[in-house]
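Data first, discussion second: the structure below is written as structure tokens.
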Amino acid sequence: DPGGTDRVNVPAEDFPLKNQQLKKFYLDSATGTLVPELPAESSVSYNAEADDETGRTSFKMTFQEDTNIIGYAKIKLWVEAQGYDDMDLFLRIQKTNDQGEILYQDSICFLYSGPDTMLRVSLRELDPEKSTENEPVQTFRTVRKLHPGEIVPIELAFWPTSMVFHKGETLELVVAGYDYMPSRPMDRPTSVVENKGTHVIHTGGKYDSYLLLPEVPEL
């Protein structure tokens, strides 16, 4: 419970939890939000070479009731590289309060803000035998560079997490061209990226970019 009081040592017979409910929230780049229904087609872009707030974008939704997110979240994203043939992407799910401030959980070695994932888009090929609905697994065997104007889908699993979002708190999905991490542990060096030009994120319509969340009704 970043920003609140953690619950610890909650037993379970298996993981992922049997009573998880996978819920899909679509990215809407026109409004910068996550919505339950597929929105109209739109896109958002950022400078792929910037390593600050101009080198990322985000999508938000505010919870209307207390919600447990426990397990593997997944992102499906339609992306395009303008001016280059590859993309390094870094994504993070984080919690903010009604003032837009990031809420952290103190895990001793660093301040945990939420699960993340990353991918070099040319290595996006999935292993169909190992991948599941919310745990896509890349083969990392085939390099598929991007062509000018090509828009491709990628699917990524986030590190598993167990977070509580209280009523009025906001989930923010950050998409960046650099290793966006508000608090960095000492054993995690900054990633060396291979980004040039502009990253474009396509959402809505035929570009069904979405975040899949494992909601658990009770603990």
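Entry remark, the range 161-182: residues being open to solvent by 20 Å² or more (accessible area, probe 1.4 Å) and in a loop (DSSP other than H, G, I, E, B) number 8 in total.
Whether any residue in the range 198-209 is of a type outside the set (D, E, K, R), over 20 Å from the mean Cα position of the chain (by Cα) and over 18 Å from P36 (Cβ atoms) is what I want to check. Looking for residues that are of a type outside the set (D, E, K, R), over 20 Å from the mean Cα position of the chain (by Cα) and over 18 Å from P36 (Cβ atoms), one finds none in the range 198-209, hence no. The set of residues in the range 61-77 that are under 16 Å from the mean Cα position of the chain (by Cα) and either outside any strand (DSSP E or B) or surrounded by 20 or more Cβ atoms within 10 Å (Cβ to Cβ) (or both) comprises I69, I70, G71, Y72, A73, K74, I75, L77.
If I ask for residues that are surrounded by fewer than 23 Cβ atoms within 10 Å (Cβ to Cβ) and touching a helix residue (DSSP H, G or I) at 6+ places or on another chain (Cβ under 8 Å), which ones from the range 86-116 would you list? Scanning the range 86-116 gives D86, D88. Selection over the range 41-57 of residues that are under 15 Å from G204 (Cα atoms) and open to solvent by less than 80 Å² (accessible area, probe 1.4 Å) gives a count of 4. In the range 187-208, the condition of being in a strand (DSSP E or B), touching a residue at least 60 places away in the same chain (Cβ under 8 Å) and of a type in the set (A, V, I, L, M, F, W, C) is met by at least one residue.
Considering E135, E155, E129, the condition of being touching a Lys or Arg at 6+ places or on another chain (Cβ under 9 Å), among the acidic types (D, E), open to solvent by 30 Å² or more (accessible area, probe 1.4 Å) and over 21 Å from S58 (Cβ atoms) is satisfied by E135 alone.
Before we move on, is G83 at pLDDT below 95, among the small types (G, A, S) and surrounded by fewer than 21 Cβ atoms within 10 Å (Cβ to Cβ)? Write out each step before concluding.
On the way: at pLDDT below 95: no; among the small types (G, A, S): yes; surrounded by fewer than 21 Cβ atoms within 10 Å (Cβ to Cβ): yes.
It is false that G83 is at pLDDT below 95, among the small types (G, A, S) and surrounded by fewer than 21 Cβ atoms within 10 Å (Cβ to Cβ).
Filtering the range 138-152 to residues that are part of a loop (DSSP other than H, G, I, E, B), open to solvent by less than 50 Å² (accessible area, probe 1.4 Å) and in contact (Cβ under 8 Å) with a residue 24 or more places away in the chain leaves L146, I151. Regarding V192, is this residue farther than 20 Å from I75 by Cβ and among the β-branched types (V, I, T)? Yes, satisfied.
Right, S58: closer than 24 Å to T190 by Cβ and either assigned to a strand (DSSP E or B) or modelled with pLDDT under 95 (or both) or not?
Values: closer than 24 Å to T190 by Cβ: yes; either assigned to a strand (DSSP E or B) or modelled with pLDDT under 95 (or both): yes.
So S58 fits the description; yes.
Just to be sure, is E101 under 22 Å from I154 (Cα atoms) and acidic (D, E)? Spelling it out, it is not the case that E101 is under 22 Å from I154 (Cα atoms) and acidic (D, E).
The values are calculated or read from the model by the stated rules, or taken from the named source; none is laboratory data. These numbers were taken from a predicted model, which means no experiment stands behind them. Cβ coordinates were reconstructed from backbone atoms using ideal geometry, including for glycine residues, and neighbour counts include every protein chain displayed. Side chains included, ligands, DNA and RNA excluded: accessible areas come from the protein's heavy atoms. Shrake-Rupley method; radii C 1.70, N 1.55, O 1.52, S 1.80 Å.
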